[in-house]
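The structure appears below as C-alpha cells.
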Amino acid sequence: MQGQAVLELASAPQDRIFWQQAPEQIANGVNSCTTLWNPQRGMAIPVERWVQALPEKDGATLLLMSMLDRSECEASTRELEALLSELRATLDSAADGILSCDLQGNIRAFNHRLVQIWQLPDALLTRRDDGAIQAHLQAQVQEPERYRQCMATLRREPLLESTEVFALRNGLVVEQRSVPQLVRGRPTGRVFVFRDISAQLQAQAGLQLAAQVFDSSLDAIFIADAQRTVIRANPACDALLGSGHASMVGQAATDVLSSATPENDLLDQVQAAWQADGFWAGDARLRRQGCADAPVHLSWVLLRDEHGQERQSIGFMRDLAPQHAAQRRIEELAFTDALTGLPNRLQLAQRVESAIDNARGSSTEFAVLFLDLDRFKIVNDSLGHPFGDRVLKLVAQRLQDCLRQSDMLCRLGGDEFVIYLHGAGRPVAESVARRVLDEMMNPFTLDGLGFSVQSSIGIALYPHDGLTLDDLIKQADTAMYRVKERGRGSYDFYRPQMSVNLLSRIKMEHAMRLALSLGQMQAHYQPQVDCASGRIIGMEALLRWNEPQLGAVSPATFIPLAEDCGYIVTLGAWVMEQAVQEAVYWHSHGRPLTVSVNVSALELRQAGFVDRVARLLAEYRLPPQGLELELTESVLLQDAQDMAQLLTALGRLGVRLSIDDFGTGYSSLAYLKKLPIHRLKIDKSFVDGLPDQEHDAAIVQAIISMGRALRIQVVAEGVETQLQRQALQDMGCDFYQGYLCAPALPAPGLRVLLEEQNRDEEKEVSASATRPSS
Ligand SMILES: Nc1nc2c(ncn2[C@@H]2O[C@H](COP(=O)(O)O[C@H]3[C@@H](O)[C@H](n4cnc5c(=O)[nH]c(N)nc54)O[C@@H]3COP(=O)(O)O)[C@@H](O)[C@H]2O)c(=O)[nH]1
C-alpha cells in the first residue's frame, strides 16, 4: 500500500467521495464502515476504519487511518441472515403451527400455520402484545381452564415435555406438543408445536365405526383378496357357518360358496357381473361341513386399485333360511287346515282341478265324499271345544288311514271333511264310504273316555254329478243332508231329486217363520203320571205344527231347523206363554199341576231370560213351582260358570228345573249337587229295554238310586207298556210319561182326560166313604 494514493484504494463511490474531502473534514469524521480495494487479492475487503488527524509541527496535518478487517464478521452476518431467512421459510412452510416462547412466556416467534389454526386476528399480528395473543389462544380452547393449567405447569417446569389434545371452538382438534429449548443444556424457552388432528380423528372414528359395523353386522361379511381367498370374516359369517365349523378365513370364497342353481357356475356369473357392473348380487348356497348348505342372498362387490387392478372383494351374505321357512309356513297355512294339518279347500281345489284337467277328453272319473260327524255339537257342548278339537284330530287321523296315497282328505271346517278319491267310480266310492263308517264306529279313547263317532257321508261322482269341485262338493253335501234326514250314520250317492229336497228345506224354514202368525202351531201336553197311584201330577208341553200342504211336521224335523236358524227363541217364548196359561187354568181349577217346557240352549243364553220368565209368571200370576224348565245335559255344561249363575237365578225365582234325556249326554255329575235341579228325566232309549235288557235296567236303576240319594225326583220317559211301568215302580221310580197314559194332546183333550180322572177319584172317594169299614 505504501506509496499508493488512498483514493486508489477506495473501491466504493462513497469512499472516493470521502477521500476527496479536505483533510480537516476527513479527520473530523470517523467512518467506521467502508471497503478497501485490495489489488493483491483482487477484491474489495470490508473494513472498519478509523481516521485520525495528527497535526504536524509545520502546521501540516497527517491522517492516521487504522483498519480492522471485517471480512469474516461480514461473512458470519450474511450467513446468519441466510440462516434466519431459511428458518423463517421453514417455519412458515411447516404443516404444524409452531410457537416459540422464552421462559417467561414471552413470544419469540410463531409461524403462519399457527395463525391459521388459532385464527389469530390481524390486529394481534401487527402489534406486539404477547399477553393478548396468549389470552386469545386460551379463549379459543373449548376447555380454557385445562389449557390454562397446562400452560402454568409448563412454565413451572421448564424441562417438561408434554403432549396434550385440545378441542378448539372453531371445530378443530389440535395436538399440542411442547418441548423445552435448551442452550448449552440450560432451558431458555419452550417450543410449542400444534398439529391439527381433526381429520385424523375423524378418519380414526370412521375406521372404528367401520370395524364396529363389520363386527356387529347381522349380515355375514367377508373380505377376500385378489385371489379370492377370504382374509377376513365377521362373527355373523361364523354364525352362519354354524358352531364347530372352520372359519371362512383362509378358504377360497368360491370353495365355500356355490350357485343356488346347480346348472350355473357361481364364479362365471360373478366374474361376468364384475366386468359389467363391479358387483354381483343373487341367491347362492353356503357349503357347511356335516350339515345342509345354507341358502344365502349374496352381494359380492369388487374393489379395484387406482390402476384398475382387482385388489379385494367384499361379500355380504344374508341368511335366507328364516325367509324360506316363513315362506313355507305361509304356504302351509294357506293350503292346510291349522287344527288337523290336513289340506284345506284351497289345496283340494288344486288337486281336483288338476284331476279335471287330466280327465278332459278321457274317461277318467273320481269321487268326492262329503263327511259330517253326527251330533258332534254335543261333544263340543258337553266336553268343551278343546276336547272337541282333539277328537277332530283323532278323526282326521283315522280317516286318513282309510285312504290311499293318491286320495286326498281335506277338512272344510267344523266337523265337515271332504275326501277326494282318485280314479274312483261308484263301487270304489261305496266301499270307501263303508270302510270309513265302520272305522269311525270303532271306539276312540281320549283322557280315559271311550266313545265312538258316527258320521254321515254324501257322495258325488265326476263327471256324472258335476264338472267343478264346487258343484261336486255341493252335490255331495246335499246327499249327506239326505242321509242325516233319514237317520244319520250312513252314506248315500247324490241324486238330482235331493236338490229338490234341499230346496224344500229352505222353503220349510220360510214356512215355519210364518206358521205362528198363521195359527199353524199348537202346544200339546203330555201327562206325567205318578207310577204308584196313576195320578196325573203334571204335563210336558210339546210343540206341534200342522202345515196345510205338508201335514203334521214332526218337531224332530222343525225344532233342529229352528235351532239352526235361531227361530227357536221366538217359538220357545210362545210355547212357554201357552204352558203358563195352561198351568194357570189348572191352578184355578183346583189341580195345581206343573207344566214343563223344553228350553233350548240358544233361548237360555238370551240376555234377560230370567227376567222374562219372572215377568211371565207375574203377568199370569202363576206360582213359580207351576212352571218347570227342561234342559239337556249338554246345555248345563256350556259355559259352566255362567250357566250355574243363570240356573241359580232361576232356582231363586222358584221355578223347577229338570234334566231331559238324562244319561245320553256327557255329564259332569257334579252339577247335580251344585245346581237347583228338581227332576231327572230318564231317556226313552233306556226305558225301551225294560224290563228284560239287563244293561238298560242297570242304568235306570242307577239313575233312580242316584236321584233318591240326592233327593231329586225321577221321571221315566216313553213308557208304553204296563210291564215297563211296573218295572219302574219296582225300582222306585217316582213318575212316568208315555203313550201308556197318553201321547201329547191338545189342551182340551188333556182337560177331558183330567176331568175323567177327577171323576174317577171322586167316585173312588165316595165309594170308599159308603163302603163299610172292615
Ligand atoms: N225346545 C223345544 N223342543 C221341543 C218342543 N217341542 C218338542 N220339542 C222337542 O222335539 C223333539 C221331538 O218331540 P216330539 O216329537 O214331541 O217327541 C216327544 C214325545 O212326543 C215323544 N214321546 C213321549 N212319549 C212317548 C212314547 O211313549 N213313545 C214314543 N215313541 N214317543 C214318545 O218323545 C219326545 C219327548 O221329548 P222330550 O221329553 O223333550 O225328550 C223332542 O226332543 C222334544 O224335546 C218345544 O216346544 N221346544
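The values are calculated or read from the model by the stated rules, or taken from the named source; none is laboratory data. Just so it is clear, the model here is predicted, and its values are computed rather than measured. Quick reminder, even Gly has a Cβ in these numbers, built from the backbone with ideal geometry, and neighbours come from all protein chains shown. The protein model used for the area step is the full one, side chains on, heavy atoms only, and it has no ligands, DNA or RNA in it. Shrake-Rupley method; radii C 1.70, N 1.55, O 1.52, S 1.80 Å.
Go through segment 694-714 and count every residue that is open to solvent by 50 Å² or more (accessible area, probe 1.4 Å) and in a loop (DSSP other than H, G, I, E, B). Going through segment 694-714 one residue at a time, the tally reaches 2. Does L383 fit the bill of being within 30 Å of the chain's Cα centre (by Cα), open to solvent by 40 Å² or more (accessible area, probe 1.4 Å) and touching a residue at least 12 places away in the same chain (Cβ under 8 Å)? The answer is no for L383.
Under the condition of being touching a helix residue (DSSP H, G or I) at 6+ places or on another chain (Cβ under 7 Å) and at pLDDT 90 or above, the residues counted in segment 665-687 number 4.
Quick check on segment 498-513. Is at least one of its residues within 22 Å of E630 (Cβ to Cβ) and touching a residue at least 12 places away in the same chain (Cβ under 8 Å)? Checking segment 498-513: at least one residue is within 22 Å of E630 (Cβ to Cβ) and touching a residue at least 12 places away in the same chain (Cβ under 8 Å). Applying the criterion of being among the aliphatic types (A, V, I, L, M) and within 13 Å of the ligand (Cβ to nearest atom) to the residues of segment 732-747, the residue that is surrounded by the fewest Cβ atoms within 10 Å (Cβ to Cβ) is L740.
Figure legend. Inter-residue proximity from segment 161-174: first residues more than 9 Å from S198 (Cβ to Cβ), second residues of a type in the set (S, T, Y), beta-carbon distance below 7 Å, spacing 6+ or different chains. Indicated pairs: E161/S178; S162/S178; F166/Y147.
Can you confirm whether segment 560-569 contains a residue that is within 21 Å of G749 (Cα to Cα), surrounded by fewer than 18 Cβ atoms within 10 Å (Cβ to Cβ) and within 9 Å of the ligand (Cβ to nearest atom)?
Among the residues of segment 560-569, not one is within 21 Å of G749 (Cα to Cα), surrounded by fewer than 18 Cβ atoms within 10 Å (Cβ to Cβ) and within 9 Å of the ligand (Cβ to nearest atom), which makes the answer no.
Here is a yes/no grid of residues against (1) within 16 Å of the ligand (Cβ to nearest atom); (2) hydroxyl-bearing (S, T, Y); (3) over 24 Å from T721 (Cα atoms):
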| residue | (1), (2), (3) |
| --- | --- |
| Q497 | no, no, yes |
| H510 | no, no, yes |
| L514 | no, no, yes |
| Q522 | yes, no, yes |
| A532 | no, no, no |
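This table checks each residue for (1) within 54 Å of the chain's Cα centre (by Cα); (2) within 8 Å of the ligand (Cβ to nearest atom).
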position: Q526; (1), (2): no, yes
position: V529; (1), (2): no, no
position: I537; (1), (2): no, no
position: L542; (1), (2): yes, yes
position: L550; (1), (2): no, no
position: S554; (1), (2): yes, yes
position: T557; (1), (2): yes, no
position: A579; (1), (2): no, no
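Taking the condition touching a residue at least 60 places away in the same chain (Cβ under 8 Å), away from the ligand (no atom under 14 Å from the Cβ) and over 30 Å from P592 (Cβ atoms), does L469 pass? Even if it seems obvious, please write down each step before you answer.
On the way: touching a residue at least 60 places away in the same chain (Cβ under 8 Å): yes; away from the ligand (no atom under 14 Å from the Cβ): yes; over 30 Å from P592 (Cβ atoms): yes.
Judged against the criteria, L469 is a match.
Pairs are defined by a Cβ separation below 6 Å, a sequence spacing of at least 6 or placement on different chains, a first member in segment 566-580 that is over 13 Å from L516 (Cα atoms), and a second member that is of a type outside the set (A, V, I, L, M, F, W, C); the pairs so defined are V580/Y620. Does T594 fit the bill of being in contact with a Gly (Cβ under 7 Å, 6 or more places away or on another chain) and of a type in the set (S, T, N, Q)? The answer is yes for T594. Name the residue that is surrounded by the most Cβ atoms within 10 Å (Cβ to Cβ), counting only residues in segment 398-457 that are assigned to a helix (DSSP H, G or I) and free of Cβ contacts under 8 Å to residues at least 12 places away in the same chain. Here the residue is S431.
Residue count for segment 326-372, restricted to those that are without any contact (Cβ under 8 Å) to a residue 60 or more places away in the chain and in a strand (DSSP E or B): 1.
Conditions (1) under 31 Å from the mean Cα position of the chain (by Cα); (2) modelled with pLDDT under 90; (3) of a type in the set (S, T, Y), marked per residue:
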{"position": "L218", "(1), (2), (3)": "yes, yes, no"}
{"position": "F222", "(1), (2), (3)": "no, no, no"}
{"position": "I231", "(1), (2), (3)": "no, no, no"}
{"position": "A260", "(1), (2), (3)": "yes, yes, no"}
{"position": "N264", "(1), (2), (3)": "no, yes, no"}
{"position": "D283", "(1), (2), (3)": "yes, no, no"}
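Selection of first residues in segment 32-54 that are within 15 Å of S71 (Cα to Cα) and of second residues that are open to solvent by 80 Å² or more (accessible area, probe 1.4 Å) and at pLDDT 75 or above, restricted to Cβ pairs under 7 Å at least 6 apart or on distinct chains, gives the following pairs, ordered by first then second residue: I45/D69; V47/L68; V47/D69; E48/L68. Criterion applied to E353, E365, E306 was being over 30 Å from G487 (Cβ atoms), of a type in the set (D, E) and not assigned by TED's automatic domain parsing to the domain that holds V256, and the one residue passing it is E353. Would you confirm whether any residue within segment 131-153 is at pLDDT 90 or above, under 26 Å from S85 (Cβ atoms) and open to solvent by less than 70 Å² (accessible area, probe 1.4 Å)? So far as segment 131-153 goes, yes, one or more of its residues are at pLDDT 90 or above, under 26 Å from S85 (Cβ atoms) and open to solvent by less than 70 Å² (accessible area, probe 1.4 Å).
Taking the criterion of being open to solvent by 50 Å² or more (accessible area, probe 1.4 Å), closer than 25 Å to T153 by Cα and touching a helix residue (DSSP H, G or I) at 6+ places or on another chain (Cβ under 7 Å), the only residue of segment 76-118 that qualifies is N106. The requirement of being assigned to a helix (DSSP H, G or I), open to solvent by 10 Å² or more (accessible area, probe 1.4 Å) and either outside the structural domain of Y739 (by TED's automatic domain parsing) or within 15 Å of the ligand (Cβ to nearest atom) (or both) is not satisfied by L646. Look at segment 535-550: where a residue is open to solvent by less than 10 Å² (accessible area, probe 1.4 Å) and a partner is in a loop (DSSP other than H, G, I, E, B) and not β-branched (V, I, T), sitting 6+ places away or on another chain with Cβ atoms under 6 Å, you get G538/L593; W545/Q520. Annotation note: of A355, A294, A349, the sole residue that is among the small types (G, A, S), under 30 Å from V428 (Cα atoms), open to solvent by less than 60 Å² (accessible area, probe 1.4 Å) and in contact with a strand residue (DSSP E or B) (Cβ under 6 Å, 6 or more places away or on another chain) is A355. Filtered by the rule that a residue be open to solvent by less than 30 Å² (accessible area, probe 1.4 Å) and in a helix (DSSP H, G or I), segment 715-731 gives Q724, A727, L728.
Contact annotation: residue pairs with Cβ atoms under 6 Å, 6 or more positions apart or on different chains, pairing a residue in segment 111-140 that is over 19 Å from L172 (Cβ atoms) with a partner that is part of a helix (DSSP H, G or I), are A132/L124. Considering only segment 678-693, state which residues are under 52 Å from the mean Cα position of the chain (by Cα), away from the ligand (no atom under 11 Å from the Cβ) and open to solvent by 20 Å² or more (accessible area, probe 1.4 Å). Scanning segment 678-693 gives a single hit, H678. Taken over segment 728-766, the criterion of being touching a strand residue (DSSP E or B) at 6+ places or on another chain (Cβ under 9 Å) and of a type in the set (G, A, S) is satisfied by G732, G738, A742, A744, A747, G749.
Residue-wise test of (1) open to solvent by less than 30 Å² (accessible area, probe 1.4 Å); (2) under 21 Å from R679 (Cα atoms); (3) of a type in the set (G, A, S); (4) within 48 Å of the chain's Cα centre (by Cα).
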site	(1), (2), (3), (4)
S600	yes, yes, yes, yes
G608	no, no, yes, yes
A614	no, yes, yes, no
P623	no, yes, no, no
E628	yes, yes, no, no
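Within segment 304-313, the set of residues being open to solvent by less than 50 Å² (accessible area, probe 1.4 Å) and either β-branched (V, I, T) or in a strand (DSSP E or B) (or both) comprises just one member, S313.
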